[in-house]
Amino acid sequence: MPDSVMTLDMLPVGKNARIVAVDWAALVEEEALRLRALGVDVGSKLSVSHRGVFGGADPLALRVGRMTVALRRAHARAMQVTLLENGLESGQ
Amino acid sequence: MSRWHKAALVGNPNAGKSALFNALTGARQKIANYPGVTVERRGGRMILPNGAPIELTDLPGSYGLQATSPDEEVTRKVILGELAGEPAPDVLVIVLDASNLEQHLVFAQEVIALGKPTVVALNMIDLAERDGLVLDPKALSNALGVPVIPTVAVRRRGLTELGEAITQAEGHAGDAPHPRARLDLAERRMEAHAIADGVIISESAKHRLHSRMDDVLLHPWIGPVFLLGLLFVVFQAVFAWAAPLQDGLEGFVGLISDAVKGAMAPGLLRDFLTDGVMAGVGAVVVFLPQIIILFFFILVLEATGYMARAAFLMDRMMAGVGLSGRSFIPLLSSFACAVPGIMATRSITDPKDRLTTILIAPLMTCSARLPVYAVIIAAFIPNRPVGVVGLQGLVLFGLYVFGIVGAMVVALILRRSVTKGAASGFIMEMPKYQLPRLRDLGLGLFQRGWIFLRRAGTIILQVNIVLWLLLNFPQAPKGQDQVDASFAGHIANGLAVALKPIGFNRDIALALIPSMMAREVAVSSLATTYAVAAGDDDTTAHQLSAQLQKHWSLPTALAFLAWFVFAPQCISTIAVTRRETNGWKWPGFMLAYLFALAYVFAGITYWSAVALGF
């Protein structure tokens, strides 16, 4: 379903998605390492749980498995996600 | 045995390692630094069930052996025995968060693959159960090939079993390691997923308390307002709750001083004890309640997991001055003390970010400034209610805000000049919310309070003795002012020439010299100076407030407050900056820019106040 592929920063809050591609070159090396260590990588199932303060879009809080990970929109923009159909069940 | 065997706690951040460490070692712990680096080393003695002691180290939390921060570098080197002066641990205790198994197993596999004697503590199993997770520790043990002990550090569950497992593993301490096949990150993650699947017996979709708490606390509008309100409550509490305790301590010091006066014959020795030691050290010790209350809040915010939420909420604002939410935690810690604050910058991965944060950390109003602010505010600002808060509390809050705004402006300028570089990122795990445990809190407060008292008993005492000697010699001929005749008076008179334009008198110049050691020394120095100047007969000699009102004008007092917003008068901060930046360049820069700002802003304050006719 190519029409449901978007960058992570466009993913609406609460919708489940899977990361299908990451433009690692767009990220600083340490940040890429840290994201992978936190389980944010190709294949990860996640959802956006919170975003921004005072109406801004930065930063984002992701639910990855049983963890919450904060990152910036700039990082999220480097990741392609695809929507998962059953929106209620969250990761494993 | 030539030496005690060593065990080390290893694990991801937020696995509950520190709580487990506290539970295993009790109060028998020592906090120091690793040799050659500035990463905090927490070590302690643990008594195994068979009565033998073992040295236990709490290694910094790490996501993998491939280090991305100085903390992780230390963990890697200690585990591999590559850190000079730090023998490799004989037994590794991997601490896993039971409710975050899949994630934490990624690093655990990497450590187990080293083939050293290893035990796994399946920690916080109660929280996992609360979340509706039922786990099978045996299955985990089979999958990993090492013993797995379910533990609840905060309830002391499983500690004996863990001790027994460590004893057993210790028996193999001398064996050569049997390294196993090393998997790469992707393989380890797949394996972790498979293991976690096999270990989780059942998982009910209970609504999780902490995601609901996040809905409120990370709410785009409610969250920041809550944080601001919380910070305001903290600072009001520091001032209001501490007052009765402080009065009590003050009375106690006065009682001792009077008792000494009654028991000893008048003379230099008695003066030395009452004016030099008690007036000086007593003036600082009475601030113990405020420091304890401030640290209480900071420790609670850290232990509950709220600190990371505060970092999330502050990230946008910090990004505005070229920093990230990560800088917020070191900066908030700097409200207690810049030294742990600057040390906490090690978790900031970007070097330019980190340097900027170090340079502005001394602008956060640390607890050592509280004595200075409190004394001046109490003496010069009327205790009038303004709406629901007092004017004194409001002025104190204003000084905090002044420091924060100053820090933000400085950061903005630094990020565009001396620490120019690419914009930094913000990636951070949000730990689960947890109730803080009283024992850990108490231990943390005791350690902080003890450090403060030790400083009062050593550095501050020594400085005061020297100051007292300089103030009393040479002795003035009868009828002349003792301070003017003394060595200290001569030095201060010289310095006072430079400080006169910003409204500082000789007594202030006198207090500023020794308070290079630590800011709170300014209070004790002023107390000592006025006690010496007043002599024995003056009943108000030991009431610093009255003395200040007599000798200082309001503009001078305000300028003095403005000075201390900026002045980097703390030898420990300078020393830790030198250590953290590996040289004298940045502490030198810090000293120069902060003294320049202190001079300018004290001057502006003084002349504005004079012009307004205060």
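The values are calculated or read from the model by the stated rules, or taken from the named source; none is laboratory data. Nothing here was measured: the structure is a model prediction, and the numbers come from that model. Note: ideal-geometry Cβ built from the backbone for every residue, glycine included; neighbour counts use all protein chains shown.
Per the listing B:ALA567, B:ALA498, B:ALA546, the residue uniquely over 27 Å from the mean Cα position of the chain (by Cα) and more than 24 Å from B:GLN246 (Cα to Cα) is B:ALA498.
The one condition from (1) of a type outside the set (A, V, I, L, M); (2) touching a residue at least 60 places away in the same chain (Cβ under 8 Å); (3) at the interface with another protein chain (Cβ under 7 Å from one of its Cβ atoms) that A:ARG66 does not meet is (2). For region B:54-77: of the residues being surrounded by 24 or more Cβ atoms within 10 Å (Cβ to Cβ) and under 20 Å from B:GLY115 (Cβ atoms), which is nearest to the chain's Cα centre (by Cα)? In this case the residue turns out to be B:LEU59.
Contact annotation: no residue pair with Cβ atoms under 8 Å, 6 or more positions apart or on different chains, pairs a residue in region B:405-434 that is surrounded by fewer than 14 Cβ atoms within 10 Å (Cβ to Cβ) with a partner that is part of a strand (DSSP E or B) and at pLDDT 90 or above. Restricting region A:22-45 to residues that are in contact (Cβ under 8 Å) with a residue 12 or more places away in the chain, at negative phi and small (Gly, Ala, Ser), the residue that is nearest to the other protein chains (Cβ to nearest Cβ) is A:SER44. Within region B:95-118, residues that are closer than 19 Å to B:GLY81 by Cβ and within 14 Å of another protein chain (Cβ to nearest Cβ) have Cβ atoms under 8 Å from residues that are among the basic types (Lys, Arg) and assigned to a helix (DSSP H, G or I) in these pairs: B:GLU110/B:ARG188, counting only partners at least 6 apart in sequence or on another chain. The single condition among (1) out of contact with any helix residue (DSSP H, G or I) (no Cβ under 8 Å at 6 or more places or on another chain); (2) more than 30 Å from B:ASP197 (Cβ to Cβ); (3) modelled with pLDDT of 90 or more; (4) polar (S, T, N, Q) that B:THR57 does not satisfy is (1). Among residues of region B:188-201 that are small (Gly, Ala, Ser), those with a Cβ under 6 angstrom from a residue that is part of a helix (DSSP H, G or I), sequence gap 6+ or separate chain, pair up as B:ALA192/B:GLU102; B:ALA192/B:LEU105; B:ALA192/B:VAL106; B:ALA196/B:LEU101; B:ALA196/B:GLU102; B:GLY198/B:ALA139.
Rundown of residues vs (1) out of contact with any helix residue (DSSP H, G or I) (no Cβ under 8 Å at 6 or more places or on another chain); (2) within 14 Å of chain A (Cβ to nearest Cβ); (3) aliphatic (A, V, I, L, M); (4) on the phi < 0 side of the Ramachandran plot, yes/no style:
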position: B:LYS432; (1), (2), (3), (4): no, yes, no, yes
position: B:ARG448; (1), (2), (3), (4): no, no, no, yes
position: B:LEU461; (1), (2), (3), (4): no, no, yes, yes
position: B:LEU526; (1), (2), (3), (4): no, no, yes, yes
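Count, please, the residues in region B:578-614 that happen to be farther than 16 Å from B:ALA562 by Cβ, over 30 Å from the mean Cα position of the chain (by Cα) and touching a residue at least 24 places away in the same chain (Cβ under 8 Å). Total satisfying the criteria: 0.
Within region B:496-516, being touching a residue at least 24 places away in the same chain (Cβ under 8 Å) and surrounded by fewer than 19 Cβ atoms within 10 Å (Cβ to Cβ) holds for B:PRO501, B:ASN505, B:MET516. Which residue pairs have Cβ atoms under 8 Å apart, sit 6 or more places apart or on different chains, and have a first residue in region B:526-555 that is farther than 16 Å from B:SER257 by Cβ and surrounded by fewer than 20 Cβ atoms within 10 Å (Cβ to Cβ) and a second that is of a type in the set (D, E, K, R) and modelled with pLDDT of 85 or more? Short answer, once both residue conditions are applied: B:HIS551/B:ASP507. With respect to the conditions (1) touching a strand residue (DSSP E or B) at 6+ places or on another chain (Cβ under 7 Å); (2) more than 13 Å from chain B (Cβ to nearest Cβ), A:VAL48 falls short on a single one, namely (2). Applying the condition of being among the small types (Gly, Ala, Ser) and buried (at least 21 other Cβ atoms within 10 Å of the Cβ) to region B:78-124 and asking which residue is modelled with the lowest pLDDT yields B:SER99. When you go through (1) closer than 30 Å to A:ARG73 by Cβ; (2) in contact (Cβ under 8 Å) with a residue 12 or more places away in the chain one by one for B:ASN493, which number turns out not to apply? With (1) closer than 30 Å to A:ARG73 by Cβ; (2) in contact (Cβ under 8 Å) with a residue 12 or more places away in the chain applied to B:ASN493, the lone miss is (1). Scanning region B:339-378 for residues that are crowded, with 21+ Cβ neighbours inside 10 Å, under 18 Å from B:ALA407 (Cα atoms) and within 14 Å of chain A (Cβ to nearest Cβ) returns B:ILE348, B:ASP353, B:ARG354. Scanning region A:51-61 for residues that are more than 7 Å from chain B (Cβ to nearest Cβ) and crowded, with 23+ Cβ neighbours inside 10 Å turns up just one, A:LEU60.
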